[in-house]
1. Quick check on my filter: what residues within the stretch B:469-512 are under 35 Å from the mean Cα position of the chain (by Cα) and of a type in the set (A, V, I, L, M, F, W, C)?
2. Which residue pairs have Cβ atoms under 8 Å apart, sit 6 or more places apart or on different chains, and have a first residue in the stretch A:196-219 that is in contact (Cβ under 8 Å) with a residue 24 or more places away in the chain and within 12 Å of chain B (Cβ to nearest Cβ) and a second that is of a type in the set (Val, Ile, Thr) and part of a helix (DSSP H, G or I)?
3. Please find, within the stretch B:257-277, the residue that is nearest to the other protein chains (Cβ to nearest Cβ) out of those that are outside any loop (DSSP other than H, G, I, E, B) and surrounded by fewer than 15 Cβ atoms within 10 Å (Cβ to Cβ).
4. Condition first: part of a loop (DSSP other than H, G, I, E, B), facing chain A (nearest Cβ under 9 Å) and within 14 Å of ligand 1 (Cβ to nearest atom). Now tell me which residues in the stretch B:49-83 satisfy that.
5. Among the candidates B:534, B:553, single out the residue that is among the charged types (D, E, K, R) and in contact (Cβ under 8 Å) with a residue 40 or more places away in the chain.
6. Could you please tell me which pairs satisfy a Cβ distance under 7 Å, a separation of 6+ or placement on different chains, a first residue in the stretch B:95-114 that is outside the structural domain of residue B:71 (by TED's automatic domain parsing), and a second residue that is away from ligand 2 (no atom under 16 Å from the Cβ)?
7. Does the stretch B:145-152 include one or more residues that are more than 16 Å from ligand 2 (Cβ to nearest atom), within 37 Å of the chain's Cα centre (by Cα) and polar (S, T, N, Q)?
Amino acid sequence: MPWSMGKDSNVLIWLARKAFAGKVPFPLLHIDTTYEFPEMYTFREWATKEHELDLLIRINQDAIDRGVSYATHDPVTVTHELKTLALRAALDEYKWDALITGIRRDEDPTRAKERHFSPRSAEGVWDYKDQPPEFWGQFASRPPAGGHVRVQPLLEWTELDIWEYIRREAIPIPTLYYARDGKRFRSLGCHPITHPVPSEADTIDKVIDELRLTRTSERSGRAQDHHERNAMQKLRAKGFM
Amino acid sequence: MSALAPATYTAQTETDVGRLHVVVVGHVDHGKSTFVGRLLHDTESLPEGKIEQVKKACAAEGMDFEYAFLLDALLEEQEQNITIDTTRIFFRTKKRNYAIIDAPGHREFLKNMVTGAASASAALLVIDAQEGVMDQSRRHAVLLSLLGVKQLVVLVNKMDLVKHDAATFQRIETEYTAFLASLGLKAARFIPIAARHGDNVVTRSQVMAWYKGPTVAEALDDLVHVDNVAGLPLRMPVSDIYRFDHRRIIAGRVESGSLRPGEPLVFLPGGRSTTVRAFEDWPITKRDVVPTGASAGFTLEEQIFVERGQIAAHPSHAPRVGREFRARIFWLGREPLALGRSYRLRLGTQDVPAFVSRIHSITDADTLAATQGDSVPKDAVADIVLRTAAPIAYDLHHECPVTGRFAIEDGERIAGGGIITEEVSSSQTNGKGRVTPAERIARHGHGPAILWFTGLSGSGKSTLSESVERRLFDSGKHVLRVDGDELRSSLSRDLGFTPEARAESVRRAAAVAGLFADTGAIVLVTLIAPLAADREKSRRALARHAFLEVFVDAPLAVCESRDPKGLYAKVRRGEIREFTGISSPYEAPQDPEVHVRTDQVDLAAATEQVLAAIDAAVREPREDWEV
Ligand SMILES: Nc1nc2c(ncn2[C@@H]2O[C@H](COP(=O)(O)OP(=O)(O)OP(=O)(O)O)[C@@H](O)[C@H]2O)c(=O)[nH]1
Ligand SMILES: [Mg+2]
């Protein structure tokens, strides 16, 4: 299960513990872009102990050695190199049948078209033009030859659902989501391309009140989505989450 | 264009718990996506700047702006101006939260329409006023009736193209009402709209003043949650059994009814019962009851055999168990659904081989014409009889919908689904002439197999084979053990321990195993059979059956320390000569189907290992089942 330490991934860990009597019975994977906010690394240490996680950390060192960086490259390229390719390398290494992801339909129009069980070919490609049917709780649960299945339990949740659940269950999340000096992060990614939004919401209740009224989109602070038309579709077809 | 005065939909006054799922269906190009885009726009549900952003992107590409592009996000969809896959968007009115599912209208994407509609409580059926009722308008309604979506609102769209003519609207209303009635459906209302211009979507149309009914937004708020499953019996398909610590936790989701500690439970098929001891929640919370839709992990008072696939129910209201039932199905597979071919049937967490034993009728979902045939083509619906390889637990759809419906898998892909309408009493076969192996398979629900447990004395052959036998027996399999030592006191009483006598003893054991397998049983042979050549001969003699060599492996020192029959001690005292592993050779299997290290794994794990191998070997039924 990929774990970005963001709010959705922490909800996933919580759900996994609930589903498996308190224990996360599979390994977690952090694709470390090396551009995480410092607080995220502190949170990672703490949460790994707290939830007794079996954590794997992967970095695309080769790309970094080749000089791929936000200073010199566009965000789509860097995201592809540091996230998608690192994920693909981990998949090649471990040959997992399934990846449990925390994506949601309300985040992005291409994610809105996703399935709860979404097969990926051996090359990691998403065949969005021919997705398997799913109904009545029956899913495409068998991984294609050489490939894997993305299992996406949060697909039906909205950003507001996530926050209400975090409040109800008191799930630990990084404090970067709360306002400091009139700004907060709604979505967390690499620091050079993730921008805080103006906000006074410094408590969870205020965050929820803010979201009930907002009309700006959650990922508006994420530069790679807006780099070109259908940037997310192109990234996602190649294996980005 | 009419004057629009959008209502403000930001603050909810009266909250309806739970999100209402509404699917938008209808023929290709009749304006479904345009309608949804417009609905989002007029209820101010779009993120700030979204319209401007899409308009700018369109201008840059030299395309006309379409409200549909708010949903049709894929490049291919925008280029061809068509919806390929369903989009789900969330929005809220003052009354409640909605998930609006925009389904594609093109016939090629019917599987995507089904995916979208299966989770909906209500449907908005869009019909183009100019084109009128078309084939997908009808086909979608047929699928809605099978999927159990009964709340319908029909939107007669593009009224601007027919000069907002009331007579055209009424003609479509009359025609389509009659069609729906033939399916047992009834639309709550018909609404004339012009989605592109926003007429009667959220704002009342000035140009269609003749229409007095509600706008679509108002009609949405009049819909109700119909996924009400109150009053249904408890059905909890078992999804897994956890053994993380000393506890054995049964996990699953309550699909109907409710579950309480102290209540008696029966697990079907299989039929063992006991009571629920306690819920094992994390974080520790006190739950007195697990209601419909919630998941549970719990321990049982008695350690009865439970496995994934079984349905937990109250003994007084148990589901049916059987191997044959009649169903109404829809078929989406690329290949037609054919009589006698083997598929997999998935119902709850059950997953069993099945085949179509009868096709009563095939209905063209466009014309509703019923025909006879040997196969069901893509996009048709049919009335068929399905027969499963093993007994399954199920309900009739009208008694308990959640366990009265299923999916059919063809070659690893979900290719159809259906609802169970009637039980078919397991008809005994009335074939002619010799009883065929296929008939035996059909009766037992599984094919035969021979497992040859070989290994040193004390390696654990008997213990392991007994444990495997118990598990197979409890899950309703026809199983039998053939023990080498026992044969030596009966059939092979005349044989000694010379190499020739040992070879003969192996041959006889193999012959006995073969006979039992001919009856359709899974036979577990336990025999040291030290020589690879003898075992190979048996394998060849039994080639007509699935044959699995199970190497029960532990180092000699470990076997000697266990010494369950005191034989090693006798050998060391010189009371036995010619003892395998010490004074006569043991040729370990080079390439066994199953290799169990009994010094490294416990009995439970070893048993699972063998069961998994059996499952893989006897899983696929023959293509030539004749029942
Ligand atoms: N004149 C007129 N055109 C409309 C109206 N509503 C939709 N259209 C046009 O009809 C065409 C098809 O609309 P879509 O919304 O893409 O149709 P659809 O039903 O979603 O199509 P599929 O999803 O591919 O089945 C577009 O060019 C729309 O602009 C309307 O009220 N009046
Ligand atoms: Mg469309």
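1. B:472, B:473, B:479, B:480
2. Close Cβ pairs satisfying both conditions: none exist.
3. Applying the filter and picking the extreme gives B:277.
4. B:71, B:72, B:73, B:74
5. That would be B:553, the only listed residue that is among the charged types (D, E, K, R) and in contact (Cβ under 8 Å) with a residue 40 or more places away in the chain.
6. none
7. Yes, the stretch B:145-152 contains a residue that is more than 16 Å from ligand 2 (Cβ to nearest atom), within 37 Å of the chain's Cα centre (by Cα) and polar (S, T, N, Q).
Yes or no, residue by residue, for (1) under 29 Å from residue B:240 (Cβ atoms); (2) of a type in the set (A, V, I, L, M):
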position: B:337; (1), (2): no, yes
position: B:351; (1), (2): yes, no
position: B:355; (1), (2): yes, no
position: B:372; (1), (2): no, no
position: B:380; (1), (2): no, yes
position: B:384; (1), (2): no, yes
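The values are calculated or read from the model by the stated rules, or taken from the named source; none is laboratory data. In this text the structure is predicted, and so the values were computed from the model without any measurement. Don't worry about glycine lacking a Cβ; one is built from the backbone with ideal geometry, like all the others, and counts go over all protein chains shown.
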